[in-house]
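Notes follow the structure.
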Amino acid sequence: MTHAVSIGPLHESPIGTTLERHLLDRQRQMPEATGDFTGLFQQIMLAAKIIGSRVSKAGLSGILGRTGTTNVQGEQVMKLDDFANRTIVQTVEAGGHVCIMGSEEVEEPIKIPSQYPQGKYVLQFDPLDGSGNIDINASIGTIFSIHRRVTPEGQQGTLEDLLQKGRDIVAAGYVIYGSSNMLVYSTGDQVDGFTYDPGVGEFFLSHPKIRIPERGGIYSINEGNYHNWSEGTQKWVDWIKAPSENKQAYRLRYIGAMVADLHRTLLRGGIFVYPPDVKNKRGKLRLLYEASPMAFLVEAAGGAASDGKNAILDIVPTELHQRTPVFIGSPVDVADALRFAQH
Ligand code: P6P
């Protein structure tokens with residue numbers, strides 16, 4: 001007679017915790033959950049796997065380089081940008097979980113075709129952040145942010161659904177396509193990181209409950225813009241890279257893709273800054289699908305994120321592609337930077 005063998009709770013099992021399991025555990029803890037959020041997240045996960053697969057073969061599949069078009073930001077659209085954008089739109093639009101989408105690559109709000117159900121969520125994303133790094137095989141990423149709709153259910157979503165503060169985000173995350181591919185997300189209470197195993201085709205929990213150090217030792221900013229900055233920003237950079245009585249000289253690290261620079265900042269501490277300059281009065285980075293979701297994650301990990309005056313999550317958006325200055329990272333380092341930048 002065979003005896004039933006208890007293998008113990010799955011979270012202690014040798015296979016680890018998949019992202020799928022993590023989402024279902026989260027859903028079970030919320031009695032009011034309908035499965036909509038989990039369904040949307042599974043579509044985002046599928047898109048991340050498809051994009052990751054294509055990025056890893058970009059050099060071979062002849063889609064490096066430019067499409068010859070420019071996006072709403074006036075930036076050259078790389079073939080992979082376009083592929084990533086289309087992948088997310090087509091993976092999500094038919095799922096019935098969102099009523100409208102916003103993308104860095106698309107000037108207008110992306111409506112859900114009338115043949116599909118209009119869902120209760122709003123998805124905004126930068127499909128391939130740091131695309132300038134594609135051709136040199138440096139890390140790039142996808143950033144996403146999920147809100148609840150604010151317009152009445154059952155009809156198509158509108159721009160009003162997109163122009164919501166970061167403080168009202170339901171969930172945000174990023175995928176980093178690097179030496180390994182990771183998906184990092186939060187619903188506001190904690191930040192968890194999942195590493196992709198291409199042999200299995202699953203994301204596995206590898207960085208549970210990420211907390212950013214109170215203070216780091218790295219600053220991340222494009223010093224090539226030094227002479228375009230305000231005097232306050234210049235003084236902060238001069239200060240942070242010099243040893244002083246209560247701090248070491250910080251080291252400079254700058255990858256040129258916000259996702260990669262912020263992933264390092266989240267894990268190691270320190271600060272990432274894209275300040276205003278004489279050419280970009282409101283900085284370069286976009287609020288709704290870059291700064292807000294990253295600020296949501298960093299605050300959930302115990303960090304801080306400011307536009308130089310106010311918390312990024314409290315900014316009330318007025319335009320889909322509006323930009324904002326960004327000072328984000330360890331709370332002590334952000335407070336130090338704001339002391340200089342506000343002068
Ligand atoms: P710069 C990439 O183009 C991006 O939008 C962010 O990912 C990155 O942090 C920033 O711009 C880099 O800008 O002017 O330093 O090349």
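Descriptive notes on the structure:
- Label positions at Q322 and E160, each projected 7 Å from the Cα along the C-beta direction, are separated by 1.7 nm.
- Extension gain, T67 to D25, is 10.9 nm, computed as 0.36 nm per intervening residue step minus the present C-alpha separation.
- The chain, accessible area per residue, ligands and nucleic acids excluded (1.4 Å, Å²): 44 Å²
- With a threshold of 23 Å on the Cα-Cα distance, the over-threshold entries among K165/K247; K235/K281; K57/K209; K209/K241 are K165/K247; K57/K209; K209/K241.
- Protein accessible area in the stretch 72-179, 1.4 Å probe - carbon and sulfur %: 45 percent
- Dipole-positive endmost among A172, M101, H22 within the stretch 19-207 (Cβ charges, Cα centre): H22
- Nearest-0.05 FRET efficiency for V200 and L252, computed from C-beta distance (R0 45 Å): 0.75
- Given charges at beta-carbon only (K, R positive; D, E negative), |dipole| of the stretch 73-168 in Debye: 460 debye
- Rel. contact order, % - alpha carbon contacts under 8 angstrom, at least six apart, the stretch 19-207: 15 percent
- Most positive-pole-ward Cα, S145, V122, S53, against dipole of the chain from beta carbon charges: S53
- Net charge of the neighbourhood of I255, taken over other residues with C-beta under 14 Å away and scored Lys/Arg +1, Asp/Glu -1, is +1.
- Nearest-20 debye value, the stretch 240-327 charge dipole, Cβ charges on Lys, Arg, Asp, Glu: 380 debye
- Degrees, to the nearest 10: 331-341 long Cα axis against longest axis of the chain: 40 degrees
- Burial order of peptide ranges 181-190, 237-246 (average beta-carbon count within 10 Å, highest first): 181-190, 237-246
- 0 to 90° range, to nearest 10: angle between helix 231-240 axis and the chain longest Cα axis: 80 degrees
- J(HN,Hα) series, the stretch 95-112, from Karplus relation 6.51 cos²θ - 1.76 cosθ + 1.60, nearest Hz, glycine and proline x: x, x, 9, 10, 10, 5, 10, x, 10, 4, 7, 10, 4, 9, x, 8, 7, 8
- In terms of packing, defined here as the mean over residues of other Cβ atoms within 10 angstrom, the peptides 312-323, 208-219 line up highest first as 208-219, 312-323.
- Rounded, prolate or oblate (a/c below 1.5 giving rounded, otherwise prolate when a/b exceeds b/c) for the stretch 19-207 by Cα gyration tensor: oblate
- Rounded to the nearest 20 debye, the dipole magnitude of the stretch 19-207 is 280 debye, with +1 charges on Lys and Arg beta carbons, -1 on Asp and Glu beta carbons, and the Cα centre as origin.
- The stretch 189-315 shape via C-alpha gyration tensor axes, a/c threshold 1.5: prolate
- Ordering G232, L267, I255 by Cα displacement along the dipole of the stretch 218-341 toward the positive end leaves I255 in first place; charges were set at the Cβ atoms of Lys, Arg (+1) and Asp, Glu (-1).
- Carbon/sulfur fraction of accessible area - the stretch 218-341, other protein chains in place, 1.4 Å, %: 51 percent
- Highest-first packing order for the peptide set 259-270, 45-56, 225-236 is 259-270, 45-56, 225-236, based on the mean count of other beta carbon atoms within 10 Å.
- Centre separation in Å (Cα based) which lies between the stretch 115-138 and the stretch 213-231: 27 Å
- Degrees, to the nearest 10: 79-92 long Cα axis against longest axis of the chain: 40 degrees
- Relative contact order %, the stretch 217-343, counting alpha carbon pairs below 8 Å whose residues are six or more apart: 29 percent
- C-alpha center-to-center spacing [the stretch 27-71, the stretch 98-112] in angstrom: 15 Å
- Here the scattering of the chain is modelled by Debye summation over its C-alpha atoms, one equal scatterer each and no solvent; at q = 0.06, 0.09, 0.11 Å⁻¹ the log10 of I(q)/I(0) is -0.22, -0.48, -0.72.
The values are calculated or read from the model by the stated rules, or taken from the named source; none is laboratory data. Since this is a predicted model, take the numbers as computed values, not measurements. Every residue, glycine as well, gets a Cβ built from its backbone with ideal geometry; the counts of neighbours run over all protein chains shown. We work out accessible area using only protein heavy atoms, side chains counted, and drop any ligands, DNA or RNA first. Shrake-Rupley method; radii C 1.70, N 1.55, O 1.52, S 1.80 Å.
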